[in-house]
Amino acid sequence: MTDQQTPPKTSDVDLGMDRPISRRDFVHGVAVSALAAPLLSACELPGGGAAAAAQDAPGYYPPLLNGLRGSHPGSFEAAHALRDGNGLPLLPSATHEHYDLVVVGGGISGLTAAHLFRQKAGPQARVLVLDNHDDFGGHAKRNEFNLNGRMRLMNGGTLLIDSPRPYGPVAAGVMTSLGIDAVELGKSAWDPAFYTNLGMKAAAFLDRETFGVDKLLVGIGSVPPAQLLAGTPFSARAQDDFIRIEGGRTDFLPGLTSDQKKDRLSRMSYEAFLRDVVKADPLVVRFYAARTHGEWGVGTDAISALDCWGIGLPGFAGMNLARGSTARMGFTPAGYADTGGSARYHFPDGNASIARLLVRSLVPDAVPGSTASDVVTARVDYAKLDRAGNPARIRLNSLVTRVRNIGDPKSATGAEVTYVRGGRAFSVSGSSVVLACYNHMIPYLCPELPEEQKAAQHELVKTPLVYTSVALRNWTAFQKLGIDRVYAPGGYHSYFFLDWHTKIGDYESSSSPEEPTLVHLVRTPCKPGLSEHDQHRAGRAELLATSFATFEREIRSQLGRTLAGGDFDPARDITAITVNRWPHGYAPEYNALWDPEVPENERAWVLGRRRFGSIAIAKCDAGGGAYTDVAMEQAGRAVNELLA
Ligand SMILES: Cc1cc2nc3c(=O)[nH]c(=O)nc-3n(C[C@H](O)[C@H](O)[C@H](O)COP(=O)(O)OP(=O)(O)OC[C@H]3O[C@@H](n4cnc5c(N)ncnc54)[C@H](O)[C@@H]3O)c2cc1C
């Protein structure tokens with residue numbers, strides 16, 4: 001445990017807000033403020049046409065951009081104008097381009113749909129992928145830095161290959177076809193024990209606003225709770241509670257069968273379990289409140305105790321809960337224990353490497369190299385993604401606003417797709433269309449869909465969250481403190497950790513504390529007390545209203561306070577910041593606390609994904625799971641529906 005003796009730095013100058021670090025808020029070389037103007041005036045913007053060809057310009061390489069990334073300014077305003085009925089350019093210019101398949105959304109699901117379609121229909125099949133962002137990959141986004149002349153990578157979104165279930169036939173087949181052997185890579189290229197082997201431990205930071213004092217607890221999960229908590233603001237009773245929860249074997253629901261307990265636990269939040277069943281001290285309940293932020297983007301008030309048991313949160317060791325589904329609707333709690341989960345592997349840029357491999361399969365000469373290792377350091381040539389002569393094309397900065405079957409859906413011979421790019425509307429047509437975009441947006445794209453289907457799609461509220469990559473001059477402060485990751489239940493970011501160590505192909509993460517490195521911070525803007533979906537809606541509004549300067553100040557302040565005992569100076573030690581904002585992040589999953597008790601085949605994502613004429617629906621939203629395997633499986637289903 002480390003007391004924070006040094007008074008925290010609070011002024012903007014102390015924090016380094018005036019330092020000339022890499023944080024530029026520019027997209028396509030245009031100031032963000034100009035791109036964020038309302039869409040209708042954006043149509044008139046001089047330079048709108050120039051922006052249309054941005055990806056063809058020499059040097060176009062979005063992974064290196066800093067500042068506000070993820071749903072970056074300029075990528076979503078037209079969608080919000082469509083939602084709000086604020087008018088859009090209604091008359092698209094016809095490109096006269098026709099494709100065998102048009103895919104809306106260039107995330108893992110859309111790229112997989114294009115990949116599978118060409119596998120099945122043949123390499124000459126003409127496919128166009130449209131995406132609203134300046135980079136492909138969707139959530140599987142790459143943050144690239146040049147630190148002291150070395151490439152340093154981090155995931156801007158999707159962190160790793162990992163799922164509560166083994167990859168199914170479609171997803172496993174795609175991985176094999178891309179040359180990814182996650183089991184082998186997990187052993188040879190990723191070292192999850194790198195920092196532990198250096199004697200570094202997990203920590204928790206108690207902040208004075210929540211816990212009365214700034215205090216770093218070093219050794220969460222490895223140091224016995226009694227030792228860890230000595231001298232903390234936790235009372236003797238609270239310390240006993242911790243020990244009962246973390247290490248005890250109390251049956252907190254005695255006299256019930258396993259199934260009766262699971263039923264009860266599925267109807268109460270983890271917060272309620274700790275407060276009302278375990279009867280833990282309020283400060284202890286508060287300590288655990290953010291433990292679910294990483295998995296679900298909300299606190300323990302909005303997630304069932306049963307799901308928390310499923311992912312291994314403490315308190316259940318003495319309760320003799322049997323694995324498997326509950327009697328209540330056959331609902332299976334979250335977690336890995338039933339199936340063992342999938343293989344796990346972290347590419348240095350997260351699953352962005354999978355996106356790059358999919359792009360290589362579609363447009364081989366845009367992504368040099370031939371293996372799942374060399375893709376990590378490959379420099380993508382964006383100018384080659386959308387070449388007229390290529391059977392597969394990827395068009396960025398293109399937000400689809402309308403998708404319409406040509407003729408009656410029952411006998412449609414294709415569909416017309418309208419998209420906005422550089423402030424102008426264009427149309428293309430496809431014999432088939434896969435919508436691998438946010439499913440809750442589909443009612444605005446296809447207003448002709450049956451009302452029941454649109455109502456189901458409207459229910460698919462996604463989780464907002466922020467993944468931030470911060471470049472540091474070195475990581476000696478972490479080394480001095482003996483920590484590599486910090487859980488911060490009262491922090492602006494709920495947790496942060498040093499770049500996971502990987503060595504693959506020509507790439508190696510920082511290996512010495514004196515070298516520059518990256519830190520990954522996670523913020524979930526949840527609003528305890530509201531329902532899960534209302535928390536997401538409120539959090540999304542907050543994210544969109546938060547300036548980069550606010551994120552930067554919070555990052556500097558939190559790192560400065562937490563690492564003060566290791567001589568960390570936010571003004572001196574931070575060299576670049578990339579904030580990946582995901583207002584529409586994780587796909588919704590079944591939440592036993594809030595969602596209606598209906599069988600799987602009546603859940604919103606199943607009702608919402610029905611094929612409509614020449615249009616099929618993919619993306620992980622359509623599978624009720626925020627995982628890469630789900631995104632791929634849904635792509636496979638959608639392609640099969642169209643080719644059937
Ligand atoms: C921060 C974060 C971390 C995650 N970590 C993991 C992880 O570690 N492991 C894991 O398996 N999963 C993770 N996920 C889940 C992740 O969503 C899936 O794994 C997968 O990448 C989703 O792919 P997708 O193609 O279904 O959706 P997306 O990645 O969302 O792609 C959809 C694309 O469609 C675009 N689009 C939407 N509307 C339109 C339109 N109208 N016109 C054009 N384009 C449009 C979107 O902008 C986006 O680019 C994470 C998600 C987030 C947000």
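Just the projected area, averaged over all directions, of the convex hull on the alpha carbon atoms of the range 365-497: how many nm²?
That works out to 14.3 nm².
Report the gain in length on full extension from residue 96 to residue 317: 0.36 nm times residue separation, minus Cα-Cα distance, nm rounded to one decimal.
Extending this stretch completely gives an extra 73.2 nm.
Quick one: P(r) of the chain from all Cα-Cα pairs, 10 Å bins, percents rounded to integers, in order of increasing distance.
The distribution over the chain is 3, 16, 26, 27, 18, 8, 2, 0, given as percents.
Dipole magnitude of the chain about its Cα centre, charges +1 at Lys/Arg Cβ and -1 at Asp/Glu Cβ only, in debye to the nearest 20?
The dipole magnitude comes to about 360 debye.
Using only the Cα atoms of the range 234-344, what semi-axes does the equivalent ellipsoid have when each is the square root of 5 times a gyration tensor eigenvalue? Give whole Å, largest first.
One finds semi-axes of 22, 17, 13 Å for the range 234-344.
Structure shown: which of 120/187; 262/619; 141/503 lie over 22 Å apart, alpha-carbon to alpha-carbon?
120/187; 262/619
Which of rounded, prolate, oblate describes the range 373-448, given a ≥ b ≥ c as roots of the alpha-carbon gyration tensor eigenvalues and a/c under 1.5 marking rounded, otherwise prolate only if a/b is larger than b/c?
prolate
Within the chain, what is the longest stretch that has no GluC sites (Glu not before Pro) placed in a DSSP loop and near at most 16 other beta-carbon atoms within 10 Å?
Segment 1-447 is the longest.
Quote the relative contact order of the chain in percent (integer), defining contacts as alpha-carbon pairs under 8 Å separated by 6+ residues.
Rounded, it is 24 percent for the chain.
Which residue, chosen from 411, 493, 175, occupies the Cα position most advanced towards the positive end of the dipole of the chain, where the dipole is computed from +1 (Lys, Arg) and -1 (Asp, Glu) charges on Cβ about the Cα centre?
411
Taking 0.36 nm per intervening residue step and subtracting the Cα-Cα distance, what contour gain separates residue 210 from residue 277 on full extension?
Gain on extension, residue 210 to residue 277, equals 21.8 nm.
How about residue 215: which lysines have a C-alpha closer than 16 Å to its C-alpha, ignoring those fewer than 8 places off in the same chain?
Within the straight-line limit of under 16 Å, residue 215 reaches these lysines: 9, 201, 480.
Taking amide hydrogens as modeled 1.01 Å from N in the peptide plane, which residues meet the under 5 Å criterion relative to residue 336, leaving out close sequence neighbours?
It is none; the list stays empty.
What distance in nm lies between label points placed 7 Å from Cα along the C-beta direction at residue 267 and residue 235?
3.1
Under 29 Å between alpha carbons, and skipping anything fewer than 8 positions from residue 261 in its own chain: which lysines qualify?
Candidates past the 8-residue exclusion: 279, 527.
What is the gain in length, in nm to one decimal, between residue 246 and residue 337 on full extension, counting 0.36 nm per residue of separation less the C-alpha to C-alpha distance?
In short, 30.9 nm is gained.
Rounded to the nearest 20 Debye, what is the dipole magnitude of the range 234-344 about its Cα centre when Lys and Arg each give +1 and Asp and Glu each give -1 at the C-beta?
I would put it at about 100 debye.
I'd like the trypsin sites (Lys or Arg not before Pro) in the range 368-448 restricted to DSSP loop residues with at most 16 other Cβ atoms within 10 Å, sorted by number.
Here the trypsin sites (Lys or Arg not before Pro) that fit, given the DSSP loop and packing criteria, are 379, 387.
Residue 157's amide H: which non-local residues (gap 5+, or another chain) put their own amide H closer than 5 Å, with H modeled 1.01 Å from N in plane and none for Pro or chain starts?
141
In whole Å, how far is the Cα centre of the range 383-442 from that of the range 468-546?
Centre-to-centre (Cα) distance: 36 Å.
If you take the charge dipole of the chain about its Cα centre, with +1 on Lys and Arg Cβ and -1 on Asp and Glu Cβ, which of 559, 362, 326 is farthest toward its positive end?
Checking the options against the dipole of the chain, the answer is 362.
Take the Cβ-Cβ distance between residue 606 and residue 411 as r, set R0 to 35 Å, and report the resulting FRET efficiency rounded to the nearest 0.05.
0.90
Out of residues 5 or more away from residue 425 or on other chains, whose amide H comes under 5 Å of its own, with H placed 1.01 Å from N in the peptide plane?
For residue 425, the qualifying residues are 93.
Throughout, read-outs are computed from the coordinates displayed, never taken from laboratory work. Fair warning: this is a prediction, and the values are worked out from it, not measured in the lab. Reconstructed Cβ throughout: ideal geometry from the backbone, glycine too, with neighbour counts over all protein chains shown.
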